[in-house]
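I have placed the structure first, in the form of structure tokens, so that the comments after it can refer back to it.
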Amino acid sequence: MNPAIRVENLTVCYDRHPAVHHLSGAFASGSLTAIVGPNGAGKSTLLKAIMGLLPVTTGRIDHAALKRSDIAYLPQQAQIDRQFPITVLDVVLLGHWRRIGPFGAVTAELESRSVDALAAVELADFRRRPIRSLSAGQFQRVLFARMLLQDARLILLDEPFTAIDARTTADLLTVVRAWHAEHRTVIAVLHDLEQVRTHFPETLLLARSGIAWGQTDRVLTPDHLQRARRMAEAWDENAPPCAVTP
Amino acid sequence: MNQWVDGLFAPFVEFSFMRRALVACLALGLGCGPIGVLLTLRRMSLMGDALSHAVLPGAAIGFLIAGFSLAAMSLGGFAAGLTVALLAGLVTRFTGQREDASFAAFYLISLALGVLIVSTRGSSVDLLHVLFGTILAVDNRSLLLVASIASLTLVTLALIYRPLIVECFDPGFLQSVQGRGAAYHLLFLVLVVLNLVAGFQALGTLMAVGLMMLPAAAARFWAQEVWSMAAVAASIAVLSGYLGLLLSYHHDLPSGPAIILTTGMIYLLSIVLGRRDGLLVRFLPRLHLQS
């Protein structure tokens, strides 16, 4: 199968310390992959590097034929101001950015597609509500509706279900599985190993370096998890800044 | 009764300087209101204050070169304000110092420089003039400047409204769909400085920022979306310009502080009465259910 994203000997620094270290491998096109690992393992850093939001220190990321507009990215929820005075519909309409850009008009057709997307995440009646009135789970549904409109071939999710209620998580996992069925490539940073085992066929276990990458049941073995934990314990935050050995 | 109505309109009918002052307030309010709303949403409320002080040395140098020349003082103020904004932005980007700290540092340097220039070369009366403005002495040329800046502000904001809001609400998203929004941020800062320059020669450097931030802070208690907040803020600014001028006329008060204090009163009233999160709505649950 063709890789959607291939990384070769990739090192990415965060705050001048290497957060992803000499990682090599590929996310197959149409695959559904979970990235798991201890805190500070470089999971978010890897997604940001794929998005081009962080510079690559050494090695390379091969995006194959993917353009920026082919990728949708959901950052950790804490990064958005949920008190901002904006309506649910306006947030979802941003999913049309590729078509409307900074200045283009929003047509009636685009608006009705946004309403459909809201219906798909069971928020059809919420379109006029300000986002500040939504719960964390409802707001996450809004962000998923926006991604539905982005119609991306590669979808990156950074801890999409952290602090989200069980029912919303179940509904949004259905959306993720629908993306998988449509042969889109989905990469999600997750914590809940049970969830990963049930819903994600592929897994990358990351502890700055890649511990294991492949079929989920072969990656999430006690042995591998133990190794990831041991590596996390050995991390020294006061290590000299980013000394990379090629 | 008639006397009352007379009191509301007569000053503007009788005196052309009051009419010009009113038009200046109208233009200032229309530009400053929306700018203030965007500043508060970007959590840059105090940045307006910093920039307003930063304008001073430029205006002072303009004053020294050309006396009370509107063009020289405005141009100087604009250049100084923009320099401080850019320097603060650069220091933040390259050293990791937080933006508010670097803004504070540069505006303090700038303010001290301005006071130094004015006090060594001009008299203290001149300094008061620069600091507190003279809306009652607005002539046709400065009126034209203030009106042009207001128009330019509204047109530019309308053009870059979408990216500006997205960059503020969800910068990660804007970055992921089209790269950094730095150009819009910069354009916005230019608008902030322009409006402060417009405000400073009518209300003075210290007061200009009041007409920008107070209506914006009050608007938050009335509106739910950015555009409606901007509309409310502009209305409050225009209204307090009118009421403040009346107050200053009838009670023989300085016009700048009268206008800003009126805005301040409206802000305090909004905290109590505001439809959204106001104290009354919050602590009288029955009222809340009805609304």
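Within the bounds of the stretch B:167-190, is there any residue that is in contact (Cβ under 8 Å) with a residue 60 or more places away in the chain and of a type in the set (G, A, S)?
Among the residues of the stretch B:167-190, not one is in contact (Cβ under 8 Å) with a residue 60 or more places away in the chain and of a type in the set (G, A, S), which makes the answer no.
Name the residue, out of B:L56, B:L8, B:L39, B:L30, that is over 30 Å from A:R82 (Cα atoms), surrounded by 15 or more Cβ atoms within 10 Å (Cβ to Cβ) and touching a residue at least 40 places away in the same chain (Cβ under 8 Å).
Sole residue among the options that is over 30 Å from A:R82 (Cα atoms), surrounded by 15 or more Cβ atoms within 10 Å (Cβ to Cβ) and touching a residue at least 40 places away in the same chain (Cβ under 8 Å): B:L56.
Residue-by-condition table, conditions (1) modelled with pLDDT of 95 or more; (2) surrounded by 21 or more Cβ atoms within 10 Å (Cβ to Cβ); (3) among the β-branched types (V, I, T):
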position	(1), (2), (3)
B:M212	no, yes, no
B:Q224	no, no, no
B:S235	yes, no, no
B:L239	yes, no, no
B:H251	no, no, no
B:G256	no, yes, no
B:T262	yes, yes, yes
B:S270	yes, yes, no
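For the list (1) part of a helix (DSSP H, G or I); (2) more than 14 Å from every other protein chain (Cβ to nearest Cβ); (3) without any contact (Cβ under 8 Å) to a residue 60 or more places away in the chain, I need the number of the one condition that B:L253 fails.
Of (1) part of a helix (DSSP H, G or I); (2) more than 14 Å from every other protein chain (Cβ to nearest Cβ); (3) without any contact (Cβ under 8 Å) to a residue 60 or more places away in the chain, only one is false for B:L253: (1).
Being out of contact with any Ser or Thr (no Cβ under 8 Å at 6 or more places or on another chain) and hydroxyl-bearing (S, T, Y) is the filter; apply it to the stretch A:189-212 and report the residue that is nearest to A:L225 (Cα to Cα).
Ranking the candidates gives A:S209 first.
Please count how many residues of the stretch A:23-68 are within 23 Å of A:G95 (Cβ to Cβ) and without any contact (Cβ under 8 Å) to a residue 60 or more places away in the chain.
7
Look through the stretch A:71-81, keep the residues that are under 22 Å from B:R42 (Cα atoms) and facing chain B (nearest Cβ under 8 Å), and return whichever of them is farthest from the chain's Cα centre (by Cα).
That would be A:D81.
Looking at B:R162, is it surrounded by fewer than 19 Cβ atoms within 10 Å (Cβ to Cβ), at pLDDT 80 or above and either closer than 18 Å to B:V209 by Cβ or in contact with a helix residue (DSSP H, G or I) (Cβ under 9 Å, 6 or more places away or on another chain) (or both)?
It is false that B:R162 is surrounded by fewer than 19 Cβ atoms within 10 Å (Cβ to Cβ), at pLDDT 80 or above and either closer than 18 Å to B:V209 by Cβ or in contact with a helix residue (DSSP H, G or I) (Cβ under 9 Å, 6 or more places away or on another chain) (or both).
For the stretch B:15-34, state whether one or more residues are more than 30 Å from B:L159 (Cβ to Cβ) and not in a helix (DSSP H, G or I).
yes
Just need a number here: residues in the stretch A:148-171 that are in contact with a Ser or Thr (Cβ under 8 Å, 6 or more places away or on another chain), part of a helix (DSSP H, G or I) and among the basic types (K, R).
Number satisfying all stated conditions: 0.
Considering only residues that are outside any strand (DSSP E or B) and more than 26 Å from A:T198 (Cβ to Cβ), which ones fall in the stretch A:1-39?
Within the stretch A:1-39, A:N2, A:D15, A:R16 qualify.
Which of the following residues is touching a Leu at 6+ places or on another chain (Cβ under 7 Å) and either under 27 Å from A:W97 (Cβ atoms) or not aliphatic (A, V, I, L, M) (or both): B:F221, B:F188, B:F200, B:F169?
Exactly one residue qualifies, and that residue is B:F188.
Output yes when any residue across the stretch A:134-146 is of a type in the set (S, T, Y) and within 11 Å of chain B (Cβ to nearest Cβ), and no when none is.
No, the stretch A:134-146 has no match at all.
Please verify whether the stretch B:207-215 includes one or more residues that are in contact with an Asp or Glu (Cβ under 7 Å, 6 or more places away or on another chain) and among the hydrophobic types (A, V, I, L, M, F, W, C).
Yes, the stretch B:207-215 has at least one match.
From the list B:A216, B:A158, B:A183, which residue is within 20 Å of B:T263 (Cα to Cα) and within 14 Å of chain A (Cβ to nearest Cβ)?
B:A216
So in the stretch A:82-131, with the set limited to residues that are surrounded by fewer than 17 Cβ atoms within 10 Å (Cβ to Cβ) and acidic (D, E), which one is farthest from the other protein chains (Cβ to nearest Cβ)?
Ranking the qualifying residues of the stretch A:82-131, first place goes to A:E122.
Only one of B:L28, B:L51 is under 19 Å from B:G244 (Cβ atoms), in contact with a Leu (Cβ under 9 Å, 6 or more places away or on another chain) and at pLDDT 85 or above. Can you tell me which?
B:L28
Give me the pairs, please: first residue somewhere in the stretch A:152-181 and at positive phi, second residue anywhere and in a strand (DSSP E or B) and surrounded by 16 or more Cβ atoms within 10 Å (Cβ to Cβ), beta-carbon distance under 6 Å, and either six or more positions apart or on two chains.
Taking only residues 6 or more apart or on different chains, the pairs are A:E159/A:V189.
The values are calculated or read from the model by the stated rules, or taken from the named source; none is laboratory data. Only a predicted model underlies this, so the values are computations on that prediction, with no experimental measurement involved. So basically every Cβ, Gly included, is an ideal-geometry build from the backbone, and we count neighbours across all protein chains shown.
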